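Structure first, then comments.
The values are calculated or read from the model by the stated rules, or taken from the named source; none is laboratory data. Here the structure is a predicted model, which is why all the values come from computation and not from measurement. FYI the Cβ positions are ideal-geometry reconstructions off the backbone, even for glycines, and counts take in every protein chain you see. Heavy atoms of the whole protein, side chains included, go into the accessibility calculation; ligands, DNA and RNA do not. Shrake-Rupley method; radii C 1.70, N 1.55, O 1.52, S 1.80 Å.
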Amino acid sequence: MGIKIDMSKAFDRVDWTFLMTIMKKIGFNDHWCNKIFQCISTSTSVVLINRSPDKFFKPSRGLRKGDPLSPHLFLFCMETLSRTLIHAEELGLITGIKICKSAPSISHLLFVDDCMVFCKANMTEAQNIMDILKMFGDNSGQLINFNKSGVFFSNNTNPSLIPTISNIMGVQVLQLDDKYLGSPLFTQRRKITSFKPGVDKLKTRLSSWKNVPLNPVGREVLIKSVTSSACIYQMNLQRHQQTPKGLLLGKKHGKPNL
């Protein structure tokens, strides 16, 4: 089974003490960590009330969205979850999946705050996953949004286990039209059906550009720029869908090259 995890306000809930501890464990010296801490802890925020700013206040946690440094710092937090899952797999607490017998085992996929965890569809491993997520949340400040998270199962899963595991984990069973990273999580054997969402998205964009005040040359450049990047993204996602059940497989999040 695979668990698609949704984190609530991921950047806003990063615990600064936890982040500094992880950076020191990875190998950053105290001088560098202190400079990073100054960057994230000296910001101030204000709430607009009736379009007028109220008093400024200093937050005690979180990373600023839009700051080019924030995604890199957030990856250090998620590196903790990644290494915890790898260690749990080494201890036999969870079991990853393989796309073939000779392939390495994949226990999780991470893309910034998007996370997907794989394990066997049984009560023991489901509970172990919940314990790992709880431990990670208590230490990092992250909060798992179980209402938006979901679980999906392979075809050979015992049907009687599906509602039981879903209820214990407090997540819903994902539907066939669910998406991950903007692309359908499950694909069909027919290529036309698999690429149809990308085609529909391009048609919607092109229809909205009919009244754009650009000359023909400028409009051609705009169309080529946007459509080419959208097609490349969709093609790359489809290229990684290699399992027989159409599971979306990306690059495994491993140890950073520091």
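A compact table of results
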| quantity | calculated |
| --- | --- |
| Test: ILE3 is among the β-branched types (Val, Ile, Thr), at pLDDT 90 or above and within 30 Å of VAL173 (Cβ to Cβ) | yes |
| Residue among VAL14, VAL46 that is over 30 Å from SER154 (Cβ atoms), modelled with pLDDT of 85 or more and in contact with a strand residue (DSSP E or B) (Cβ under 6 Å, 6 or more places away or on another chain) | VAL46 |
| Restricting the stretch 112-132 to residues that are under 30 Å from LEU63 (Cβ atoms) and outside any strand (DSSP E or B), the residue that is most open to solvent (accessible area, probe 1.4 Å) | ASP131 |
| Pair list, Cβ < 6 Å and 6+ apart or interchain, from the stretch 1-27 residues that are without any contact (Cβ under 8 Å) to a residue 40 or more places away in the chain and within 12 Å of GLY141 (Cβ to Cβ) to residues that are surrounded by 15 or more Cβ atoms within 10 Å (Cβ to Cβ) and of a type in the set (A, V, I, L, M, F, W, C) | none |
| Filtered residues of the stretch 77-111 (kept if open to solvent by 30 Å² or more (accessible area, probe 1.4 Å) and under 22 Å from THR21 (Cβ atoms)) | THR80, ARG83, THR84, ILE86, HIS87 |
| Near pairs, Cβ below 6 angstrom, 6+ apart or cross-chain, from the stretch 33-50 (in a helix (DSSP H, G or I)) to any residue that is among the β-branched types (Val, Ile, Thr) and loosely packed, with under 10 Cβ neighbours inside 10 Å | none |
